[in-house]
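Values in this text are rule-based calculations from the coordinates and carry no lab data. None of the values given here were measured: they were computed from a predicted structure. Using ideal geometry, Cβ is built from the backbone for each residue, glycine included, and neighbour counts are taken over all protein chains shown.
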Amino acid sequence: MRQDTDMTDHPEQATPWSDDGNPTTPAPGPGGNPTTAPGRRGGGTRTTPPLTYVRFGERPLLRLPQLFIGLALYGFSMAVMVRAGLGLSPWSVLNEGLEKHTSLSFGTLTAVVGASVLLLWIPLRQRPAFGTAANIVVIAFSSDLGLALVPEGLGLPERVGLLLAGILANALSVAVYVGARFGPGPRDGLMTGAAALTGRSIRVVRTSIEIAVLAVGWLLGGGVGLGTVLYALAVGPMTQFFLPWFAYTSPTRTTRPDPRVTGSRIAS
């Protein structure tokens, strides 16, 4: 199962994943930089460039709108899936389960869970970046806004349409905000940090975390269903498909790794 970005969530030294769940390095294009989708910076074939953290001051007028649009779309897609009522992603199952036992809104709980996950970064020696904080705040607001705008009580055909649209929008949003390269979301950092600490593959760590999160959310009353399975199967490949069009390519020849960031998610 895959979850937030969080694409992130998704990443050690931030490159696409191979079939065994480990990062792979894209083939370099002209000038030593990985090639990108046609029409995207650099031209060439549709190979995803590195997704490592890029310093905040590098072309912020281009990258900041991309980050915020991607995060807002991610939160809205979560709300759409909630209104579909056919099953959620693992972390959304947890948020919905917690919502049934508190007076807090779904979006607020998304932020609370995200901030709580950041505490687990401490023993993992992860350091947050700008994108980490933006992930918590923007997704919380946009998910609550989406729940206020999308009506409840729809018929089954409409709910199926919402589920499919939500999954598509979620995959697209991960590609957009991860591609801005401002650093991982809270859940992404947990995954990559745990993988680095244990020596396990990203796939094993991600799956273990999300199974545990899903189980807790289900026990709390969160919505598990066909949509949960469809999300797990579809979001990763769809995000990988969209990434080449949105991954920012630094104009410099190489990007120096930032010690605050160990990765960025590829599949939410």
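Tabulated data for the structure shown
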{"quantity": "Long-range HN-HN contacts of R55 with modeled amide H, under 5 Å", "calculated": "none"}
{"quantity": "Cα convex hull of segment 178-225 - mean projected area over all directions, nm²", "calculated": "4.5 nm²"}
{"quantity": "Segment 87-152 - convex hull of alpha carbons, volume per residue in Å³", "calculated": "97 Å³"}
{"quantity": "Highest to lowest packing among 229-235, 198-204, scored as the average C-beta count within 10 Å", "calculated": "229-235, 198-204"}
{"quantity": "Approximate shape of segment 52-192 as ellipsoid semi-axes (Cα gyration tensor, √5λ), whole Å, largest first", "calculated": "26, 18, 12"}
{"quantity": "More than 20 angstrom apart: percent of Cα pairs within segment 137-210", "calculated": "51 percent"}
